[in-house]
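Peer 1: Dumping the structure here so I can ask a few things about it.
The values are calculated or read from the model by the stated rules, or taken from the named source; none is laboratory data. This is a predicted model, so every value here is computed, not measured. Positions of Cβ are generated from backbone atoms using ideal geometry, with glycine treated the same way; all protein chains shown enter the neighbour counts.
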Amino acid sequence: MADEVRKTALYILDTLNKGHYTLDRLLEDVFREKTLFSKKDRALLQALVYGVLRWRQRLDWIIDYFSKTRLNKIDPKVLNILRLGLFQIIYLDRIPVSAAVNTSVEMTKAVAGPWVVRYVNGLLRNTVREYRHVTFPDVDKDPVKALAIKKSFPKWLIKRWLDRFGLKETGLLCDAINTIPPITVRCNTLKTNREKLVKALGGYAEKIEITKYAPDGAFFFNPKISIPKIEAFEEGLFQVQDEAAQLVTLLLNPQPGETILDACSGLGGKTGHIAQIMKNSGKLVAMDKDENKLMQLGSEMHRLGVSIVTTCIHDLSNPLNREAFGTFDRILLDAPCSGLGVLRRNPDTKWRTSQQNLAYCQKRQFLFLDNLSHLVKPTGILVYAVCSMEPEENESVIKVFLNKHDQFAIEKKPSGLPFDACSLVTGNGYLKTFPHLNNMDGFFSVCMKRKK
């Protein structure tokens, strides 16, 4: 079955190259189809795919070091086979080198001619003997190239981080992103509390720790069974949600009995959190342009025991009629963004996003805020959030928005956050989190109050 896992990993990497699907979507589809995969098979598949995507740039440097054919001349499928083989050789101690090489050779036979098979076999066997002696770019002479190769990130991203954070902190940020993150969950306080949830999860994970800032969060590694099969999950006692995302809802500070809009609700992670803080009392509208996501959100709310949510299909690129939609005490815009703050969970984003994407995202983010602004009641709250650490999607969006909408002002001392989490809010009122500083995803969020 291990050979089938490697072939499936190659299929995923090849499909990602085409740019039509995200890693999450592909893994979801594969696990639905590969019902015979054991827990061990699934773990190996994820290790292979995530590992190659995390270390792709470093792997390519090593391949190029030993190859007589330049990288841009290697067939993309063959290059992915080399990446998979090399990753196993260097990073997976439990995989025999012979198995990594032999399977790579067999997979090459299915996509290329005999001379390419000999090329793959020779390169990998040579790499086994010599990869520890590969030289990398000198960080003192060319820090951008050196970090891009050693830490495995696109050069454009390393350059902007170096400009903002400096060499040492950029290195720490890269290391944190390349570390396998924990599974973080949020207790559903409509049904239980965190202490009871931790006990309920005790049989499924060896070590469970509580989150530092979010009052209902906990995290762990390597559960014994998949999350959906855990009894506490089936009973609706928790949702999977990173601590940074939990803080966004606390910044919104929803209250029981209010009318609230979750404007880009997706699958309902923050929707469920809002509902539980509202104590399932009031009116909560979950809006998204994707009908399938809203259907899944409805099932999720049922699992959680949430009854106050109604769904609304709408693309925020289009204006919202105030008479049709009504007004709200609080609106959360968890806006579509580059996703550069969640690279440790979505390493494929490293290679899909470009600097040009940031300008595109910024334009949409401002448009969405602009379209929502007139639905906020006087003295109401508008919270903007993105899973990105990049200024174009953070301060720049808010600056443009406030210049146009002087009826809004930033709440520089927001009341919904726990005391410890207030330390994450800057003097300008921006909530910022970073993987290397806070052991959570990179998020930006700000709470704005309408004055009139």
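Peer 1: Can you name every residue in segment 347-368 that is out of contact with any helix residue (DSSP H, G or I) (no Cβ under 6 Å at 6 or more places or on another chain) and either in a loop (DSSP other than H, G, I, E, B) or on the phi > 0 side of the Ramachandran plot (or both)?
Peer 2: Thr353, Ser354 - these are the residues of segment 347-368 that are out of contact with any helix residue (DSSP H, G or I) (no Cβ under 6 Å at 6 or more places or on another chain) and either in a loop (DSSP other than H, G, I, E, B) or on the phi > 0 side of the Ramachandran plot (or both).
Peer 1: Please note which strands (runs of 3 or more DSSP E) are completely contained in segment 198-283 and include at least 2 residues that are in contact with a Leu (Cβ under 6 Å, 6 or more places away or on another chain) and crowded, with 20+ Cβ neighbours inside 10 Å.
Peer 2: Passing ranges, in order: 259-262.
Peer 1: While we're looking at this one, here's another question. Tell me, yes or no, whether segment 150-169 has at least one residue that is assigned to a helix (DSSP H, G or I) and within 30 Å of Pro96 (Cβ to Cβ).
Peer 2: yes
Peer 1: Then there's this: Quick one: would you say Val117 is in a helix (DSSP H, G or I) and more than 27 Å from Arg352 (Cα to Cα)?
Peer 2: Judged against the criteria, Val117 is a match.
Peer 1: Of everything in segment 362-380, what is within 18 Å of Lys451 (Cα to Cα), among the polar types (S, T, N, Q) and in contact with a Ser or Thr (Cβ under 9 Å, 6 or more places away or on another chain)? Give them in sequence order.
Peer 2: The answer is Asn371, and nothing else.
Peer 1: Let me ask you something else. Restricting to segment 28-67, and then to whatever is in contact (Cβ under 8 Å) with a residue 24 or more places away in the chain and outside any helix (DSSP H, G or I), can you tell me which residue is nearest to Ile158 (Cα to Cα)?
Peer 2: The residue in question is Trp55.
Peer 1: Would you be able to tell me the number of residues in segment 402-418 that are more than 16 Å from Leu431 (Cβ to Cβ), crowded, with 17+ Cβ neighbours inside 10 Å and in contact with a strand residue (DSSP E or B) (Cβ under 8 Å, 6 or more places away or on another chain)?
Peer 2: Total meeting the criteria: 1.
Peer 1: Here is a follow-up. Which residue out of Arg94, Arg32 is basic (Lys, Arg), under 28 Å from Gly266 (Cα atoms) and not assigned by TED's automatic domain parsing to the domain that holds Lys151?
Peer 2: That would be Arg32, the only listed residue that is basic (Lys, Arg), under 28 Å from Gly266 (Cα atoms) and not assigned by TED's automatic domain parsing to the domain that holds Lys151.
Peer 1: Identify all residues within segment 316-348 that are in contact (Cβ under 8 Å) with a residue 24 or more places away in the chain and among the polar types (S, T, N, Q); write none if there are none.
Peer 2: Listed by number, the residues that qualify are Ser317, Asn318, Thr327, Ser338, Asn346.
Peer 1: Taking the condition of being of a type in the set (Lys, Arg) and out of contact with any strand residue (DSSP E or B) (no Cβ under 9 Å at 6 or more places or on another chain), how many residues in segment 252-298 meet it?
Peer 2: Number of matching residues: 2.
Peer 1: Take the residues in segment 128-164 that are surrounded by 12 or more Cβ atoms within 10 Å (Cβ to Cβ) and among the β-branched types (Val, Ile, Thr); name whichever of them is nearest to Trp55 (Cα to Cα).
Peer 2: Among those that are surrounded by 12 or more Cβ atoms within 10 Å (Cβ to Cβ) and among the β-branched types (Val, Ile, Thr), it is Ile149.
Peer 1: For Arg83, indicate whether it is surrounded by 20 or more Cβ atoms within 10 Å (Cβ to Cβ) and either at pLDDT below 95 or of a type outside the set (A, V, I, L, M, F, W, C) (or both).
Peer 2: Taking the combined requirement at face value, the residue satisfies it.
Peer 1: OK, next. Which ones in segment 300-332 are among the hydrophobic types (A, V, I, L, M, F, W, C) and assigned to a loop (DSSP other than H, G, I, E, B)?
Peer 2: Selection gives Val306, Ile308, Leu316, Leu320.
Peer 1: On to the next question. In the list Thr310, Thr249, which residue meets the criterion of being touching a strand residue (DSSP E or B) at 6+ places or on another chain (Cβ under 6 Å) and either without any contact (Cβ under 8 Å) to a residue 60 or more places away in the chain or within 29 Å of Val425 (Cα to Cα) (or both)?
Peer 2: One residue alone meets the criteria, Thr310.
Peer 1: To continue, here is another question. Among the residues in segment 360-371, are any without any contact (Cβ under 8 Å) to a residue 12 or more places away in the chain, more than 18 Å from the chain's Cα centre (by Cα) and farther than 27 Å from Asn321 by Cβ?
Peer 2: The answer is no; no qualifying residue exists.
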